[in-house]
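K.L.:
Before I ask anything, here is the structure I am working with.
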Amino acid sequence: MDSREIITGVEPDQADVLGSSPALCWICGRNPATTREHWLKRTDADRYLRPMSQQDPLHLHMNWTPRAKVGGSKSKHLKFAPSICEDCNSWRTQPHDAAWDQLHGYLRANWPSILRTGRFDLANAFPDDPAVGGLHVHLYFAKLFGCLAYELKVPIDLSGFARSIYFGVPHPDMARVNTADEGWNG
């Protein structure tokens, strides 16, 4: 099976067969899109927001308009609408989520130095394998972008993002190779 068959999702001639069944996962294109990705990671909500509960919720605003009361980091209001399957939201992209957590922790712990120098080294954030760590962070943001574009019905082809996530390769339109001298300011 080639990659086009894996990631294209529902072809127009299949729409009649599927009828009112749930949409397919935008990443694998095979399984029903039954899970919701966090747009604000649960670990970040727990770490950086004040404690919240149903009795003492946070108030979520979008575009300066009150949208919802959030009673916990598992709230549906902190997630995109269902757009990916359980397989893609768990084992396929779990390493990407973990890499973002690791990089985010490193950046927060070293922020004064990063501000002073204007750069950081992925080898310090991912000492075991900076290339894989960087790729996984790249794919984490590809997933977030895809979920957002899917939810907002942005008229773009997500198949390249899906292919990158599915096969664990950089998306060519998201990647930029810097020379060693360029750093992050280049």
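The values are calculated or read from the model by the stated rules, or taken from the named source; none is laboratory data. Here the structure is a predicted model, which is why all the values come from computation and not from measurement. Surface areas here come from the heavy atoms of the whole protein model, side chains and all, with no ligands, DNA or RNA. Shrake-Rupley method; radii C 1.70, N 1.55, O 1.52, S 1.80 Å.
K.L.:
Enumerate the calculated ³J(HN,Hα) couplings along the range 97-110 in order (Karplus 6.51 cos²θ - 1.76 cosθ + 1.60, θ = phi - 60°), each rounded to whole Hz, writing x wherever the residue is Gly or Pro.
P.N.:
Karplus-based 3J(HN,Hα) across the range 97-110 equals 4, 5, 5, 4, 4, 5, 5, 4, x, 4, 4, 5, 5, 10 Hz.
K.L.:
In addition: Give the value in nm², to one decimal: projected area of the alpha carbon convex hull of the range 122-181, averaged over all directions. Walk me through the intermediate numbers first.
P.N.:
Numbers: hull surface 19.3 nm².
Here the figure is 4.8 nm², rounded to one decimal.
K.L.:
Would you kindly find the accessible area of F126, with a 1.4 Å probe and non-protein molecules such as ligands, DNA and RNA excluded, rounding to the nearest 10 Å²?
P.N.:
10 Å²
K.L.:
Oh, and also: How large are Rg and Dmax for the range 72-140 when calculated on the C-alpha trace, in angstrom?
P.N.:
14.7, 42
K.L.:
Quick one: Karplus J couplings for the range 24-38, per residue in order, coefficients 6.51, -1.76, 1.60, θ = phi - 60°, nearest Hz, x for Gly and Pro?
P.N.:
Going residue by residue, I get 8, 4, 6, 8, 8, x, 10, 9, x, 7, 10, 10, 10, 7, 6 Hz, with x marking Gly and Pro.
K.L.:
Out of residues 5 or more away from A68 or on other chains, whose amide H comes under 5 Å of its own, with H placed 1.01 Å from N in the peptide plane?
P.N.:
Excluding prolines and chain starts, which carry no amide H, the hits are L60.
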